[in-house]
1. For the range 50-94, enumerate the residues that are modelled with pLDDT of 90 or more and in contact with a Cys (Cβ under 8 Å, 6 or more places away or on another chain).
2. Tally the residues that are loosely packed, with under 13 Cβ neighbours inside 10 Å and either small (Gly, Ala, Ser) or closer than 17 Å to Gly18 by Cα (or both), restricting the search to the range 63-79.
Amino acid sequence: MDIQRADIVTSTAGRDRGKYFFVLDVEGEYLLLADGKTRRLESPKRKKRRHAAFAARFDCRAADKIRSGEKLTNSELRRALASFGGDGNPDQEG
C-alpha cells in the first residue's frame with residue numbers, strides 16, 4: 001500500500017525500530033515522521049520509505065489536521081498514537 005500524508009507507519013530499521021510515527025510529509029523516497037515525543041513536530045525524522053512499513057490509515061483529529069495543514073501540537077500526536085497503539089508502545093503515551 002502506498003504511504004501518504006497522515007498515515008501511521010512503523011519503523012523497520014534503525015534505533016527507532018518498532019515505534020509508530022505519523023507521516024507529516026512525503027518527499028520523493030523520503031518520509032518526514034513525528035511521534036510527538038522523541039521526534040517532535042519542530043524536527044521531524046527524515047526516513048527512507050523502504051525503512052518504514054505502513055501500519056494504518058487512522059481516522060482521528062490529528063490525522064485530519066495533518067491533511068488540512070492546520071496547526072497541530074505534539075501532545076495531540078502522542079494522544080493519537082497512544083490510542084492507536086494500545087499497549088503495544090507504552091513509552092509513547094502521554
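1. Ala80, Ser83
2. Taking the range 63-79 and keeping what is loosely packed, with under 13 Cβ neighbours inside 10 Å, we get 64, 67-71, 75.
Those left that are additionally either small (Gly, Ala, Ser) or closer than 17 Å to Gly18 by Cα (or both): 68-69, 75.
So the answer is 3.
The values are calculated or read from the model by the stated rules, or taken from the named source; none is laboratory data. Everything numeric here is computed off the predicted structure, so don't read it as measured data. Because the Cβ atoms are built from the backbone with ideal geometry, glycine has one as well, and the counts that use them run over all protein chains shown.
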